[in-house]
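Q: The following block contains the structure, expressed as structure tokens.
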Amino acid sequence: MSDSLLLAVLIGIAFGVALEQAGLGNAAKLTGQFYLTDFTVMKVMLSAILTAMLGAFWLGRFGLIDPAQVHVPETFLWPQIVGGMIFGVGFALAGLCPGTACVSASSGRLDGLAAIGGLFAGVLATGLAFPALAGFYGSGARGVVTLPATAGLPEGVVVLLVVLAALGVFRLIATREQEG
């Protein structure tokens with residue numbers, strides 16, 4: 001196994017352990033987000049987004065990475081909307097996303113195993129139907145879409161606005177949790 005693959009496996013395991021420690025292998029905890037009773041998922045996701053965004057921004061500013069070398073996938077509007085809807089329905093039904101389903105299953109929970117089974121069934125069905133879906137898969141091509149380009153603002157301004165918005169959401173969550 002190459003060093004980079006070994007590092008990726010170790011990071012994946014550490015991430016899984018962190019998710020389990022945060023209780024995110026438990027479908028009931030995740031569905032609390034839908035009912036606005038448990039904001040752990042929102043806090044974890046916002047923290048991850050802010051960490052990645054600020055890390056990439058400042059590492060680029062200090063010349064430690066070349067942002068031009070960071071892959072940004074292209075946008076294919078219609079298949080990504082449909083994929084997001086399918087993902088959302090699956091998440092709502094299972095109470096788990098693919099990552100948390102793996103954590104749940106590795107913790108011995110049967111709902112996690114069932115969710116992974118559904119995930120593999122969906123991947124298999126999509127793979128088998130792909131020749132018929134190929135035209136749709138490439139539809140709505142928009143190229144690489146970024147928030148700074150869409151907003152017509154400098155990257156640093158967008159980073160600041162996202163940080164301020166996230167801090168506002170964190171404040172709303174804290175207020176809601178104190179009330180509840």
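The values are calculated or read from the model by the stated rules, or taken from the named source; none is laboratory data. Predicted model, so just to flag it, every value in this text is computed and none were measured. Because the Cβ atoms are built from the backbone with ideal geometry, glycine has one as well, and the counts that use them run over all protein chains shown.
Q: Examine the range 49-57 for a residue that is surrounded by 16 or more Cβ atoms within 10 Å (Cβ to Cβ), touching a residue at least 24 places away in the same chain (Cβ under 8 Å), within 23 Å of Ser107 (Cα to Cα) and within 16 Å of the chain's Cα centre (by Cα), and state whether such a residue exists.
A: First, the residues of the range 49-57 that are surrounded by 16 or more Cβ atoms within 10 Å (Cβ to Cβ): 50, 53, 57.
So of that shortlist, the ones also touching a residue at least 24 places away in the same chain (Cβ under 8 Å) come out as 50, 53, 57.
With the extra rule that they be within 23 Å of Ser107 (Cα to Cα), the set shrinks to none.
No: the range 49-57 contains no residue that is surrounded by 16 or more Cβ atoms within 10 Å (Cβ to Cβ), touching a residue at least 24 places away in the same chain (Cβ under 8 Å), within 23 Å of Ser107 (Cα to Cα) and within 16 Å of the chain's Cα centre (by Cα).
Q: Here's another thing I want to ask about it. Which of the following residues is within 29 Å of Arg176 (Cβ to Cβ), small (Gly, Ala, Ser), at pLDDT below 95 and in a helix (DSSP H, G or I): Gly90, Gly83?
A: On the way: Gly83 fails: within 29 Å of Arg176 (Cβ to Cβ).
Matching residue, one of Gly90, Gly83: Gly90.
Q: Take the conditions out of contact with any Lys or Arg (no Cβ under 6 Å at 6 or more places or on another chain), modelled with pLDDT of 95 or more and either under 23 Å from Ile81 (Cβ atoms) or not polar (S, T, N, Q) (or both) and apply them to Val157. Does it pass? Spell out the reasoning first.
A: Numbers: out of contact with any Lys or Arg (no Cβ under 6 Å at 6 or more places or on another chain): yes; modelled with pLDDT of 95 or more: yes; either under 23 Å from Ile81 (Cβ atoms) or not polar (S, T, N, Q) (or both): yes.
It is true that Val157 is out of contact with any Lys or Arg (no Cβ under 6 Å at 6 or more places or on another chain), modelled with pLDDT of 95 or more and either under 23 Å from Ile81 (Cβ atoms) or not polar (S, T, N, Q) (or both).
Q: With the structure loaded, tell me whether Gly168 is under 29 Å from Thr40 (Cβ atoms) and in a helix (DSSP H, G or I) or whether it fails that test.
A: Yes; evaluated as a whole, the condition is true for this residue.
Q: Right, next: Taking Gly108 and the conditions (1) surrounded by 11 or more Cβ atoms within 10 Å (Cβ to Cβ); (2) out of contact with any helix residue (DSSP H, G or I) (no Cβ under 9 Å at 6 or more places or on another chain); (3) under 25 Å from Glu20 (Cβ atoms), which numbered condition does it fall short on, given that it satisfies the others?
A: Of everything listed in (1) surrounded by 11 or more Cβ atoms within 10 Å (Cβ to Cβ); (2) out of contact with any helix residue (DSSP H, G or I) (no Cβ under 9 Å at 6 or more places or on another chain); (3) under 25 Å from Glu20 (Cβ atoms), Gly108 misses just condition (1).
Q: Please specify each residue of the range 1-21 satisfying the condition of being in a helix (DSSP H, G or I) and of a type in the set (Gly, Ala, Ser).
A: Of the residues in the range 1-21, the ones in a helix (DSSP H, G or I) are 3-21.
Result: Ser4, Ala8, Gly12, Ala14, Gly16, Ala18.
Q: Please specify each residue of the range 71-87 satisfying the condition of being more than 21 Å from Gly127 (Cβ to Cβ) and without any contact (Cβ under 8 Å) to a residue 12 or more places away in the chain. Outline the logic, then answer.
A: Going residue by residue through the range 71-87, those that are more than 21 Å from Gly127 (Cβ to Cβ) are 71-72, 75, 77.
Residue satisfying the conditions is His71 alone.
Q: Select from the range 72-93 the residues that are among the small types (Gly, Ala, Ser) and surrounded by 13 or more Cβ atoms within 10 Å (Cβ to Cβ) and write down the one among them that is farthest from Gln33 (Cα to Cα). Before the answer, list the steps.
A: Here is the first cut: in the range 72-93, the residues among the small types (Gly, Ala, Ser) are 83-84, 88, 90, 92.
If we keep only those that are surrounded by 13 or more Cβ atoms within 10 Å (Cβ to Cβ) too, we end up with 83, 90.
On the way: Gly83: 21, Gly90: 15 Å.
Ranking the candidates gives Gly83 first.
Q: Do you know which residues across the range 134-157 are free of Cβ contacts under 8 Å to residues at least 24 places away in the same chain and outside any loop (DSSP other than H, G, I, E, B)? Let's see the steps before the verdict.
A: Taking the range 134-157 and keeping what is free of Cβ contacts under 8 Å to residues at least 24 places away in the same chain, we get 134-135, 147-154, 157.
The answer is Ala134, Gly135, Leu147, Pro148, Ala149, Thr150, Ala151, Val157.
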